[in-house]
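*Asks:* Shown below is the structure under consideration.
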């Protein structure tokens, strides 16, 4: 039996949120991951007065400081999403990421403005941390709130887009790290933010508000009320999510991104070779994510999922 055009349109309509959410996630995580994949080059440009090892510690130190902002960004954007709707927060996150990442691509280096260069780099990194927290939190929740099918699979699409974005980030970093590239080529992944973010914004113009968002009920939400409910009703589940996320984050940043800088500095691989390996690693992960989501739903308690759903 051949599907009718109407059925095809209905299928596209059902999967439209997945495409819109994934496009933004790919764009933002491509921009976010470029910093770590280009850490060896950034250490030379922004901390040339330090030894190579100390300069690398400084680059990763800026990353760590900015990463502390992510829980605050997640809470802030989560509250804004509940209060004013997911559509607004998913647009804001793209805009902030675009400004921060383009800013890194335009930054003068240490040789031009001295200590002010790493200070401005830190400011851009903090903005990136806020933006990525807002993107990831609201994208996953938005997909689950669509209320169709497997909630595990629905929530995994934000992570799927993020992993694909990281894979692209590693691949682009590998290309600009080739010996034949000009000295300014490191700026390319960051300046691409203008194009990728503009594309994501154009696509997200067509994003409909979450079906469970109720503007009237949202008027009563306050940060204090949200925190009280979180602590009183969701303490154990929140702690579980924090611990699982921490383990996943350490695995990604140490086993994939920091690994690239380490093996390049030790001379085991060139920066380009290490980044290509990292992109393959992330490619395998984004293929496995939907499969793991389906498996999680099937081996878990479907009844409990439906209660949450």
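*Asks:* Pick from 112, 238, 53: which is most flexible by mean-square fluctuation in a GNM of the chain where alpha carbon atoms under 10 Å apart are linked?
*Replies:* Of 112, 238, 53, the most mobile in the Gaussian network model is 238.
*Asks:* How high is the FRET efficiency between residue 295 and residue 273 when r is their beta carbon distance and R₀ equals 35 Å, given to the nearest 0.05? Don't skip to the end; give the middle numbers.
*Replies:* Working: r = 33 Å, r/R0 = 0.94.
The pair residue 295/residue 273 has a calculated efficiency of 0.60.
*Asks:* Using a Förster distance of 22 angstrom, determine the FRET efficiency expected from the C-beta separation of residue 199 and residue 287, and round it to 0.05.
*Replies:* Details: r = 23 Å, r/R0 = 1.06.
Calculated transfer efficiency: 0.40.
*Asks:* Under a 10 Å cutoff between Cα atoms, tell me which one of 284, 172, 104 has the largest fluctuation in the Gaussian network model of the chain.
*Replies:* Highest fluctuation among the options: 284.
*Asks:* Which order do 214, 281 fall in if you start with the one that has the fewest other Cβ atoms within 10 Å? Can you show the working numbers first?
*Replies:* Values: 214 10, 281 18.
Lowest count first: 214, 281.
*Asks:* Still on this structure: For residue 219 and residue 19 in one chain, what is 0.36 nm times their gap in residues minus the Cα-Cα distance, to one decimal in nm?
*Replies:* On the way: separation 200, 0.36 × 200 = 72.00 nm, distance 3.01 nm.
Length difference between fully extended and current span is 69.0 nm.
*Asks:* Stokes-Einstein D for the chain at 37 °C, 0.692 mPa s, Kirkwood Rh over Cα pairs, in µm²/s?
*Replies:* Values: Rh = 20.6 Å.
Roughly 160 µm²/s, to the nearest whole number.
*Asks:* Between residue 184 and residue 111, how high is the FRET efficiency from 1/(1 + (r/R0)^6) when r is the Cβ-Cβ distance and R₀ = 22 Å? Nearest 0.05.
*Replies:* Details: r = 13 Å, r/R0 = 0.59.
Step by step, r from the Cβ atoms, then E = 0.95.
*Asks:* In what sequence do 259, 184, 29 fall when counting other Cβ within 10 Å, fewest first?
*Replies:* Details: 259 16, 184 10, 29 26.
Fewest to most other Cβ atoms nearby, the residues stand as 184, 259, 29.
*Asks:* Here is a follow-up. Using the Cα atoms as the points, what is the convex hull volume per residue of region 22-176 in Å³?
*Replies:* Hull volume over Cα atoms, normalised by residue count, gives 104 Å³.
*Asks:* Debye calculation, C-alpha points only, no solvent: report log10 I(q)/I(0) for region 167-304 at q = 0.10, 0.19 Å⁻¹, in the same order as the q values.
*Replies:* -0.63, -1.20
*Asks:* When the gyration tensor of region 101-249 is built from Cα positions, what are the square roots of 5 times its three eigenvalues, in whole Å, from largest to smallest?
*Replies:* On the way: eigenvalues 253, 79, 57 Å².
After scaling each eigenvalue by five and taking roots: 36, 20, 17 Å.
*Asks:* Here's another thing I want to ask about it. Can you give the alpha-carbon Rg of region 66-137 over 2.2 N^0.38 Å, where N counts its residues?
*Replies:* Working: Rg = 13.7 Å, N = 72, 2.2 N^0.38 = 11.2 Å.
So region 66-137 has a normalised radius of gyration of 1.23.
*Asks:* Under the rule of -39500 (n - 2.57) per DSSP H run of 4 or more residues, summed and divided by the residues of the chain, what mean residue ellipticity at 222 nm is obtained, to the nearest 500 deg cm²/dmol?
*Replies:* Numbers: 14 runs with 247 residues, N = 309.
That calculation yields -27000 deg cm²/dmol at 222 nm.
*Asks:* Counting other beta carbons within 10 Å of each Cβ, put 46, 75, 63 in order, fewest first.
*Replies:* On the way: 46 25, 75 16, 63 20.
Fewest-to-most ranking of 46, 75, 63: 75, 63, 46.
Read the figures in this text as sums done on the coordinates, not as results from a lab. None of these values were measured; they are calculated from a predicted model. Neighbour counts run over all protein chains shown; Cβ positions are idealised from the backbone, glycine included.
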